[in-house]
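Presented below is the structure to which this report refers.
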Amino acid sequence: MREKIAGEITLSSDAGKTIRKWREEFSVSQQELARHLDFSPSVISDYESGRRKSPGISIVRRIVDGLIELDEHTGGEVLKRYDMGEKHDCIISISEFNTSLPGDEFMEMMEGENLTPHVPLDCHIHGYTIIDSIKAITALSSFDYLKIYGWSSERALIFTGVKFGRSPMVAIRAHPLKPSMVCYHRPEHVDALALKLASLEKIPLIKIDMPVGTIIDRLRKLT
């Protein structure tokens, strides 16, 4: 986990933005992290905003260790979530991107149709999960549900086998983790409840018609 986070920060074209992504993933405030690391309160803010140049390896290591230590002090919930184990049967494909992709660019790449045009596409996508919605409904436990989020909840969840679109959005509504975007692959119908839930959560809901194999091929080029 340390290597994953540190590597992503070090290799990122915007280290500050990546630090912020992981700090928010661990639900740690700038002040809390600075206090734990015995930094000046403004240090974390300055790195994330770019007011300070990208941190060196030693600072990155301290930041990563600090996030993990703070999580361990509160029961290690984030670390447990990222202990994925084997991929669940309902997951057709899952991966992380090398760099984040704006929501509008993701939709364009997928040749998608925005079903919630009033919800802004200003989200950022860090990865994707393609999910067999029928298997997810019948076999996905509350613990296994965490596995669909991979390394980050800032991802596109792409559901196949959608009939009405209610169940995926109900599950997302009920769970504290929220994706950046939800996509339905060739849905038979998308009813008003699914659209309402997407709007309430401010999550763009996208319809995709291209074959699943094509979706995977296009997305793997980003990983």
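What the table shows:
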item	result
Breaking point among (1) modelled with pLDDT of 90 or more; (2) closer than 19 Å to Ser180 by Cβ; (3) surrounded by 14 or more Cβ atoms within 10 Å (Cβ to Cβ), for Tyr82	(1)
Selection count, the stretch 98-109, where residues are assigned to a strand (DSSP E or B) and surrounded by fewer than 20 Cβ atoms within 10 Å (Cβ to Cβ)	3
Search result, residues across the stretch 128-169 that are β-branched (Val, Ile, Thr) and in a strand (DSSP E or B)	Thr129, Ile130, Ile131, Ile158, Thr160
Residue under evaluation Asp14, criteria (1) of a type in the set (Asp, Glu); (2) over 23 Å from Lys178 (Cα atoms); (3) at pLDDT 90 or above, criterion not met	(3)
Subset of the stretch 8-46 [among the aromatic types (Phe, Trp, Tyr) and over 13 Å from Leu70 (Cβ atoms)]	Phe39
Residue tally, condition free of Cβ contacts under 8 Å to residues at least 24 places away in the same chain, part of a helix (DSSP H, G or I) and polar (S, T, N, Q), over the stretch 1-39	3
Subset of the stretch 110-124 [over 14 Å from Leu205 (Cβ atoms) and surrounded by 16 or more Cβ atoms within 10 Å (Cβ to Cβ)]	His124
Candidates Ser42, Ser58, filtered to the one that is part of a helix (DSSP H, G or I), among the hydroxyl-bearing types (Ser, Thr, Tyr), in contact with a helix residue (DSSP H, G or I) (Cβ under 9 Å, 6 or more places away or on another chain) and farther than 29 Å from Leu146 by Cα	Ser42
Of all residues making up the stretch 209-221, the number that are more than 19 Å from the chain's Cα centre (by Cα) and in contact (Cβ under 8 Å) with a residue 12 or more places away in the chain	3
Verdict on Ile172 being surrounded by 15 or more Cβ atoms within 10 Å (Cβ to Cβ), of a type in the set (Val, Ile, Thr), in a helix (DSSP H, G or I) and in the same structural domain as Ala198 (by TED's automatic domain parsing)	yes
Test: residue in the stretch 63-78 that is in contact with a Ser or Thr (Cβ under 6 Å, 6 or more places away or on another chain) and in contact (Cβ under 8 Å) with a residue 12 or more places away in the chain	no
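A quick yes/no check of all residues on (1) closer than 18 Å to Val119 by Cα; (2) in contact with a helix residue (DSSP H, G or I) (Cβ under 7 Å, 6 or more places away or on another chain); (3) among the small types (Gly, Ala, Ser):
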{"site": "Met169", "(1), (2), (3)": "yes, yes, no"}
{"site": "His189", "(1), (2), (3)": "no, no, no"}
{"site": "Ala192", "(1), (2), (3)": "yes, no, yes"}
{"site": "Ala198", "(1), (2), (3)": "yes, yes, yes"}
{"site": "Lys202", "(1), (2), (3)": "yes, no, no"}
{"site": "Ile206", "(1), (2), (3)": "yes, yes, no"}
{"site": "Ile216", "(1), (2), (3)": "no, no, no"}
{"site": "Lys221", "(1), (2), (3)": "no, no, no"}
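The values are calculated or read from the model by the stated rules, or taken from the named source; none is laboratory data. Predicted, not measured: the structure shown is a model, and the values here were computed from it. Neighbour counts run over all protein chains shown; Cβ positions are idealised from the backbone, glycine included.
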